[in-house]
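Here's the structure we're looking at; comments come further down.
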Amino acid sequence: MLNKALIETAIEAVKERFFGDYTGHDYSHTMRVYEVASAIAAQETADMEIVQLASLLHDVDDYKLFGGAMGGFSYAQSFLRNQQVEEQRIEDICKIISEISFKGSDTIKPGTIEGMIVQDADRLDAIGAVGIARAFSYGAVHQRKMYDKEEKPKLHMNAEEYRKNKGNTINHFYEKLLLLKDMMNTETGKQMALQRHQFMEGFLGEFWDEVEGKR
Ligand code: ADP
Ligand code: NI
């Protein structure tokens, strides 16, 4: 039983929460994650309302955007309590929010199918053409260089190292984005990741060829 009014209220809340974001975590990111997560959930046996609420609220407490601890969920929890969502469901949704983020070698696989679906949808939006655009938007807002041939990507960072890392945006592809294809949870997610991954590899090939004067 999907409470459409509740979903609509959550959509309005995220629209306001992400107003003025230029880091690639704006309202349109959340809505793409919501749409893709709903589409994946339709292929699985999953609680659609949990998937939709968790995807709509997955970034509302993100430390990258709002400070605070990694994996926090205070805005999401207050929102859901205000909407009189059952306490057990609030707990389930907040757990998903705390689980899904990329944390280098400390990244975890969510404990529920709903969490796995939201994590896949969030990751799909980090790769492919949209993923490339988001990465450079994030880099610009955070004053990161586009690339630096002298700087090696830092592989195998743990959560703390990943959080503190201020490397250039092209390195972010090697440090995170190219790893996501093999970290997908659902069959649908894996399929969707393939083309997006190939597109990023093509982009990086072209990028380096241009930088090195081969084109
Ligand atoms: P996660 O919770 O897994 O970090 P998000 O939905 O918060 O996922 O989105 C992360 C996105 O933010 C990345 O895919 C990328 O587009 C951008 N991003 C984060 N860190 C960096 C970085 N260091 N350089 C460039 N882009 C970044
Ligand atoms: Ni996200």
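The values are calculated or read from the model by the stated rules, or taken from the named source; none is laboratory data. Keep in mind it's a predicted model, so treat the numbers as computed, not measured. When we count neighbours, we look across all protein chains shown, and the Cβ atoms used for this are built from the backbone with ideal geometry, even at glycine.
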Do you know which of the residues in region 12-22 that are of a type in the set (A, V, I, L, M, F, W, C) and not in a loop (DSSP other than H, G, I, E, B) is nearest to Ile117 (Cα to Cα)? Val14
Tell me which residues, restricted to region 36-50, are away from ligand 2 (no atom under 14 Å from the Cβ), part of a helix (DSSP H, G or I) and touching a residue at least 60 places away in the same chain (Cβ under 8 Å). Ala39, Ile40, Ala41, Ile50
Taking Lys15 as the residue in question, decide whether it is within 18 Å of Ser98 (Cβ to Cβ) and charged (D, E, K, R). no
Hits in region 11-30 (condition: surrounded by fewer than 17 Cβ atoms within 10 Å (Cβ to Cβ) and in contact with a helix residue (DSSP H, G or I) (Cβ under 8 Å, 6 or more places away or on another chain)): Ile11, Lys15, Phe19, Tyr22, Tyr27
Taking helices (runs of 4 or more DSSP H) that do not extend beyond region 61-148, which have at least 2 residues that are within 16 Å of ligand 2 (Cβ to nearest atom) and without any contact (Cβ under 8 Å) to a residue 24 or more places away in the chain? none
Per the list (1) in a helix (DSSP H, G or I); (2) within 8 Å of ligand 1 (Cβ to nearest atom); (3) closer than 19 Å to Ser55 by Cα, residue check on His172 breaks on (3)
Taking the condition at pLDDT 95 or above and within 27 Å of Leu177 (Cα to Cα), does Val85 pass? no
Among the listed residues Tyr162, Tyr138, which satisfies the condition of being in contact with a strand residue (DSSP E or B) (Cβ under 8 Å, 6 or more places away or on another chain) and closer than 26 Å to Ala37 by Cα? Tyr162
Consider Glu8 against the criteria (1) of a type in the set (Asp, Glu); (2) within 16 Å of ligand 1 (Cβ to nearest atom); (3) surrounded by fewer than 17 Cβ atoms within 10 Å (Cβ to Cβ): it satisfies all of them except one. Which criterion is unmet? (2)
Contact list, first residue from region 23-35 and assigned to a helix (DSSP H, G or I), second anywhere and within 12 Å of ligand 1 (Cβ to nearest atom) and aliphatic (A, V, I, L, M), beta-carbon distance below 6 Å, six or more apart or interchain, is Val33/Ala121
Would you be able to say whether some residue in region 135-146 is surrounded by 19 or more Cβ atoms within 10 Å (Cβ to Cβ) and among the polar types (S, T, N, Q)? no
Residues in region 22-35: is at least one in contact with an Asp or Glu (Cβ under 9 Å, 6 or more places away or on another chain), more than 11 Å from ligand 2 (Cβ to nearest atom) and either at pLDDT 95 or above or among the aliphatic types (A, V, I, L, M) (or both)? yes
